[in-house]
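> Once you've had a glance at the structure underneath, I'll fire off some questions.
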Amino acid sequence: MAKNNFFITTPIYYTNGIPHIGHSYSSIIADCIARYQKITGKKVKFSTWVDENSQKAVLKAEEQGMDIMSYLDIMASKHKAVWDGLWIQYTDFIRTTEDRHHKFVREVLQKSYDNGDIYEWVYEGMYCVGCEAFKKDDDLVYLNKTTNKTFPVSKDVVISDNIIKVCPDHLTEPQILKEKNYFFKLSNYQKYIEELYKKNPEFVVPNDRFNEVIAFVERWLDDFSISRETNKFGIHLPFDEEQVAYVWYDALFNYITVCQNWQEDFWPADLHIVGKDIIRFHAIYWPAMLKSAWYEMPKQILTTWFFTVNWQKISKSLGNAIDPVEFSKKYSKDLLTLYLLSSFNIWQDGDFDEKQAILTYNAKLANNLGNLVNRVVVLSLKLQNETWKLYWQVDEFLTEDSLFSIDEDLVGFLKWKPTILDYLEKFQNSINKYDLKSCLDITFSFLDKLNKFADIKQPWQMIKDDDKQEEIRNVLYTLAEWLRIVWLALYTFFPVKMNEMFVKLWLLDYKNRLENWEFEKLLVDFPIFFIKEKWENLFSRFEIKD
Ligand code: MSP
């Protein structure tokens, strides 16, 4: 039986383009966390998909001479194809043009309006369509059009036609707006938000980003505009049909629209995964909007940093946008997952480099894990001597205590018992903190130790010695058993390959049992392994081509 619910979300992606390698980061992280929660007993809801009521998409459709809904339909299916192509196992997907979402957002807008949290005002200022955000002077930078260089806004700069104020992320001049808007009284929630942060010191992780958010809130929270008069596409305000809801106001509520099924009880979300550029919307606006409409707060927000390619912002116009599905087809999904999750700290920007991705994969999955598996399999087959009837049964090792005392006198095996328990404990601590890099790091360093153990024992020498037949069985069983534990842990990241490994060891029901929440039980399964034939290398090396 599942114990309780776990709800995880990715940002919903804008559809003026197709997701690139940077976008895939959030979805791959969410997918791994969701899988771990599932195998360890939670009923998981994992939502994702597209943010469609954005001006960017409207402009794109116009640019292509297309009717907006036809454009959005095509883009939504292209986005879905990316997540399906990467085997992201979401359970719910949402388009913000769906009726259920429109209906729900109108309801919450009406609630906040009735509460007195929404009022009419004139917005006079700037708006960056690229960010879909209102901008102030100090959010902008100067751009020298001749050199294409940006520099901070300061009084010392002599303004000329050549120097314009732009959004630092999109390098475009913001629109100048003066229109009737509705505003949300964010200032009413200043105290509430400060309290929320105090009571939940891990509301936003990693901590650095949280500190920035806290500092921002402490300065002063301005009310913000939640509607646009000049836009016509989007969700119309129930109390003024001439106005369309600001895209962020509508988009954030996607997280609850997907929970509207009365049979399910998933809100509040356990974890929102968001990029560092959209943390303020999630950590400041969102709690206030929720509170105003009488909803509970999400439990935690995990913030991810940015990828560049060739140290440049990823953009279609620069031609450096890598398609994650193409990349996975060229190499493998595991290579992409491993590289994104093990080579970069979540709290740092990183440069995506194809060569490094290959080197990482070759070192960790092909060599460190793959070679060890091969050694165990090849030697086991030799030991059995009859390729097709091979199996290896070590009854005397089927209890927990005996497992850990195997071979004790020979290599001081007790030394290893804490090693594996320590490994599992660290792995579980890290994953419970959603620290996926650390999970992979400790797994590969544990595998280093196993490789070292094999090097010390040299079972390939023992096999030549008739007196060592018992000992070699112990060594191989031990290695196989510990590899099995590593595979269980790595199932979170590489489910397809790990399942192939289980099948090769004749652990045929493992996938099913994992999908039915038996991770913990399987850790102490102590199975009998059958190795029937030599395996193809499950993680073959990739050559680096210049
Ligand atoms: N539609 C909003 C999110 C609304 S959620 C209620 C949005 N969409 S987006 O398509 O622009 O970005 C989606 C996510 O991808 C964001 O978390 C963003 O930070 C992330 N990334 C976009 N480019 C990225 C990189 N180059 N690297 C890493 N993450 C990137 O914002």
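The values are calculated or read from the model by the stated rules, or taken from the named source; none is laboratory data. Treat the numbers as computed from the prediction; the structure is a model and nothing was measured. Virtual Cβ from ideal backbone geometry, glycine too; neighbours counted across all protein chains shown. Side chains are part of the model used for accessible areas, which takes the heavy atoms of the whole protein and leaves out ligands, DNA and RNA. Shrake-Rupley method; radii C 1.70, N 1.55, O 1.52, S 1.80 Å.
> Under 6 Å between Cβ atoms, at least 6 apart or on separate chains: pull out the pairs that start in region 224-243 with a residue that is in contact (Cβ under 8 Å) with a residue 60 or more places away in the chain and end on any residue that is of a type in the set (S, T, N, Q) and crowded, with 17+ Cβ neighbours inside 10 Å.
If the second residue must be of a type in the set (S, T, N, Q) and crowded, with 17+ Cβ neighbours inside 10 Å, the pairs left are 225/181; 234/53; 237/227; 237/243; 243/227.
> Please state which one of 277, 270, 334 is assigned by TED's automatic domain parsing to the domain that holds residue 104, of a type in the set (Asp, Glu), within 14 Å of the ligand (Cβ to nearest atom) and under 21 Å from the mean Cα position of the chain (by Cα). Don't jump to the end; show me each part of the working.
Details: 270 fails: within 14 Å of the ligand (Cβ to nearest atom); 334 fails: within 14 Å of the ligand (Cβ to nearest atom).
Of the residues listed, the single one that is assigned by TED's automatic domain parsing to the domain that holds residue 104, of a type in the set (Asp, Glu), within 14 Å of the ligand (Cβ to nearest atom) and under 21 Å from the mean Cα position of the chain (by Cα) is 277.
> Please indicate, with yes or no, whether at least one residue in region 21-32 is touching an Asp or Glu at 6+ places or on another chain (Cβ under 8 Å), within 11 Å of the ligand (Cβ to nearest atom) and outside the structural domain of residue 493 (by TED's automatic domain parsing).
Of the residues in region 21-32, the ones touching an Asp or Glu at 6+ places or on another chain (Cβ under 8 Å) are 21.
Restricting the remaining residues to those that are within 11 Å of the ligand (Cβ to nearest atom) gives 21.
Narrowing the set further to residues that are outside the structural domain of residue 493 (by TED's automatic domain parsing) leaves 21.
Yes, region 21-32 has at least one match.
> Please determine, by comparing only the residues of region 281-314 that are under 15 Å from residue 251 (Cβ atoms) and open to solvent by 10 Å² or more (accessible area, probe 1.4 Å), which one is nearest to the ligand (Cβ to nearest atom).
281
> Can you name the residue in region 1-20 that is under 25 Å from residue 260 (Cβ atoms) and among the β-branched types (Val, Ile, Thr) and, of all such residues, is nearest to the ligand (Cβ to nearest atom)?
Out of the qualifying residues, it is 12.
> Quick one: which residue in 165, 155 is assigned to a strand (DSSP E or B) and among the basic types (Lys, Arg)? Steps first, please.
Values: 155 fails: assigned to a strand (DSSP E or B).
After applying the criteria, what remains is 165.
> Consider only pairs whose beta carbons are under 7 Å apart and that are at least six residues apart or on different chains; among these, list those whose first residue lies in region 460-481 and is farther than 11 Å from residue 379 by Cα and whose second residue is small (Gly, Ala, Ser).
Within 7 Å, the pairs are 479/454.
> For region 361-377, which positions are open to solvent by 20 Å² or more (accessible area, probe 1.4 Å) and within 22 Å of residue 546 (Cβ to Cβ)? Lay out the reasoning, then the answer.
Our first condition is that a residue be open to solvent by 20 Å² or more (accessible area, probe 1.4 Å); within region 361-377, this holds for 363-364, 367, 371, 374-375.
Across region 361-377, the qualifying residues are 363, 367.
> Restricting to region 71-104, what's the tally of residues that are open to solvent by 40 Å² or more (accessible area, probe 1.4 Å), of a type in the set (A, V, I, L, M, F, W, C) and within 27 Å of residue 32 (Cβ to Cβ)?
3
> In the list 68, 33, which residue meets the criterion of being open to solvent by less than 10 Å² (accessible area, probe 1.4 Å) and touching a helix residue (DSSP H, G or I) at 6+ places or on another chain (Cβ under 8 Å)?
Values: 68 fails: open to solvent by less than 10 Å² (accessible area, probe 1.4 Å).
Result: 33 is the single residue among 68, 33 that is open to solvent by less than 10 Å² (accessible area, probe 1.4 Å) and touching a helix residue (DSSP H, G or I) at 6+ places or on another chain (Cβ under 8 Å).
> Hey, among the residues in region 184-234 that are among the basic types (Lys, Arg) and surrounded by 16 or more Cβ atoms within 10 Å (Cβ to Cβ), which one's nearest to residue 108 (Cα to Cα)?
Taking region 184-234 as the starting set, the residues that turn out to be among the basic types (Lys, Arg) are 185, 191, 198-199, 209, 219, 228, 232.
Remaining after also requiring surrounded by 16 or more Cβ atoms within 10 Å (Cβ to Cβ): 185, 209, 228.
On the way: 185: 15, 209: 29, 228: 17 Å.
So the residue we want is 185.
> Can you pull out every residue in region 253-280 that is out of contact with any strand residue (DSSP E or B) (no Cβ under 8 Å at 6 or more places or on another chain) and either open to solvent by 20 Å² or more (accessible area, probe 1.4 Å) or part of a helix (DSSP H, G or I) (or both)?
Across region 253-280, the qualifying residues are 256, 260, 261, 262, 263, 277, 280.
> Search region 115-126 for residues being in a strand (DSSP E or B) and closer than 13 Å to residue 226 by Cβ, and hand back the single one that is most open to solvent (accessible area, probe 1.4 Å).
Here is the first cut: in region 115-126, the residues in a strand (DSSP E or B) are 118-126.
Checking which are closer than 13 Å to residue 226 by Cβ leaves us with 118-121, 123.
Numbers: 118: 11, 119: 65, 120: 100, 121: 155, 123: 28 Å².
Per the criteria, the residue is 121.
> A follow-up question, please. Can you spot a residue in region 430-440 that is modelled with pLDDT under 90, assigned to a helix (DSSP H, G or I) and not charged (D, E, K, R)? If you could, list the steps in order and put the result at the bottom.
Our first condition is that a residue be modelled with pLDDT under 90; within region 430-440, this holds for none.
No.
> Can you find even one residue in region 235-246 that is of a type in the set (A, V, I, L, M, F, W, C), within 15 Å of the ligand (Cβ to nearest atom) and open to solvent by 10 Å² or more (accessible area, probe 1.4 Å)? Even if it seems obvious, please write down each step before you answer.
Step one: of region 235-246, the residues of a type in the set (A, V, I, L, M, F, W, C) are 235, 237, 239, 244-245.
Narrowing the set further to residues that are within 15 Å of the ligand (Cβ to nearest atom) leaves 235, 245.
Of the ones still in play, those that are also open to solvent by 10 Å² or more (accessible area, probe 1.4 Å) are none.
No, that holds for no residue.
> Any chance region 498-507 includes a residue that's assigned by TED's automatic domain parsing to the domain that holds residue 421, modelled with pLDDT of 90 or more and open to solvent by 10 Å² or more (accessible area, probe 1.4 Å)?
Yes, there is a match, as at least one residue in region 498-507 is assigned by TED's automatic domain parsing to the domain that holds residue 421, modelled with pLDDT of 90 or more and open to solvent by 10 Å² or more (accessible area, probe 1.4 Å).
> Using the structure shown, decide if residue 240 is of a type outside the set (Phe, Trp, Tyr) and assigned by TED's automatic domain parsing to the domain that holds residue 104.
On the way: of a type outside the set (Phe, Trp, Tyr): yes; assigned by TED's automatic domain parsing to the domain that holds residue 104: no.
It is false that residue 240 is of a type outside the set (Phe, Trp, Tyr) and assigned by TED's automatic domain parsing to the domain that holds residue 104.
> Separate question: Please go through region 522-546 and give me each residue that is more than 23 Å from residue 367 (Cβ to Cβ) and loosely packed, with under 12 Cβ neighbours inside 10 Å, ordered by number.
Once the filter is applied, which keeps residues that are more than 23 Å from residue 367 (Cβ to Cβ) and loosely packed, with under 12 Cβ neighbours inside 10 Å, region 522-546 yields only 524.
> Could you pull out the residue among 321, 288, 293 that is touching a Lys or Arg at 6+ places or on another chain (Cβ under 6 Å), more than 15 Å from residue 26 (Cβ to Cβ) and in the same structural domain as residue 30 (by TED's automatic domain parsing)? Give the derivation first.
Working: 321 fails: touching a Lys or Arg at 6+ places or on another chain (Cβ under 6 Å); 288 fails: touching a Lys or Arg at 6+ places or on another chain (Cβ under 6 Å).
Residue meeting the stated conditions: 293.
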